[in-house]
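Notes follow once the structure below has been shown.
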Amino acid sequence: MVMEITARASDPSALSRAFPWPVLEAGNGSFVEGAYTVALEHGQPGRSFTMLHKIQRAKLITDWIEDGKALFVCSVAAPNSAYRTLHVSDIPKQTIEWNPDDLGTYPLFTPMIVASTDFQHVVSSISDGVNPLWDGKTLHLLKGSRIAVCSTFALQSGVLGLLDFCLKEDYAPGVFSVEPSREDGFKFKVYLAADLFNHLKYQRQEVAGANIMTHIVSTALTYLKNDFSGDDGEEGWESYINLRALAHHLESRDLGCWDDEDFEPELVATRLYPHRIPTET
């Protein structure tokens, strides 16, 4: 399944930064009708995806790409940690990979296009397709200068980053189980019958998939409340970076933490993944 994320120069709600050269990003008027889209195809769940960078109605940037003056980049950063890395490609299609055990939480991704070398360019608003305000200006770009920036996004919430979905072929249809695992950090192994595994893989956004997720998350949160109601130093939940990140994820949404006395796993699970009622046909 392909998902697209687009930053439009015409977006009136976005705040852009000032650059001494035209930049294609949301809210920046340098390219009046410009758009920067990334198309995503999932790879290994929670570990990789393929990204295709696409530029529309920004001829200057398109020309720089065709002339070999641009590189395609994706920044990968983990909130609440020092993890940050850049994936660089000289072609528009690139594979982004990461090790979730290094991050502790699901990462944030920022696609961008940067200058691949130092160069100068004299702007012609007509031939370059930029705002006339730039007409006649001599641009001085250094290697690494951002010339297009897409929207920062995350693919999953902090809860999903803890779930490792596993096919259990000997399970009867409709059956699943959840088990904690401390082999590499802390995760939940979610063993699923073939019908549930395939449904969550390909149709998670449908009503049944959403409601299955409610039960899985409720089960995981119940385990955390029962077994990690307090912190036991080096052996407690705060010793796991991904559980610290999940606690921050919940508290930032005013959902509390499992070590709170009044924490209700079912209530929190249904706030994160509300049950959905099928519409009548």
In whole percent, what relative contact order does the chain give with Cα contacts below 8 Å and a gap of six or more residues?
14
0 to 90° range, to nearest 10: angle between helix 207-227 axis and the chain longest Cα axis
60
Keeping all protein chains in place, calculate the accessible area per residue for segment 13-61 (probe 1.4 angstrom), answer in Å².
45
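Which percentage, to the nearest 5, of the DSSP beta bridges contained in the chain is antiparallel? Provide the component values of the computation, followed by the final result.
Values: 48 of 54 bridges.
Given both bridge residues lie in the chain, the antiparallel proportion sits at roughly 90 percent.
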Magnitude of the charge dipole, the chain, Cβ model with Lys/Arg +1 and Asp/Glu -1, debye to 20
1300
How far is the Cα center of segment 55-92 from the Cα center of segment 127-175, in Å?
10
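Compute the convex hull volume of the Cα atoms of the chain, divide it by the residue count, and report the result per residue in Å³ as a whole number.
Here the figure is 166 Å³ per residue.
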Accessible area of segment 1-141 with a 1.4 Å probe: how many percent of it is carbon plus sulfur?
52
What distance in nm separates the two pseudo spin-label positions at Ala77 and Asp63, each 7 Å out from Cα along the beta-carbon direction?
3.2
Please count, across the chain, the pairs of lysine residues with Cα atoms under 22 Å apart that sit 8 or more places apart or on different chains.
18
Prolate/oblate/rounded label for segment 106-157 (Cα gyration tensor, a/c 1.5):
oblate
Ordered by packing density, taken as the mean number of other Cβ atoms within 10 Å over each peptide's residues, highest first, how do 186-196, 129-139, 62-72, 22-32 rank?
22-32, 186-196, 62-72, 129-139
Helix 241-251 against the longest principal axis of the chain: what's the angle in degrees, Cα atoms only, rounded to the nearest 10?
90
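The values are calculated or read from the model by the stated rules, or taken from the named source; none is laboratory data. Because the structure is predicted, anything quoted here is derived from the model rather than measured. Cβ sites come from the backbone with ideal geometry, for glycine too, and all protein chains shown count toward neighbours. All accessible areas refer to the heavy atoms of the entire protein, side chains included, with ligands and DNA or RNA removed. Shrake-Rupley method; radii C 1.70, N 1.55, O 1.52, S 1.80 Å.
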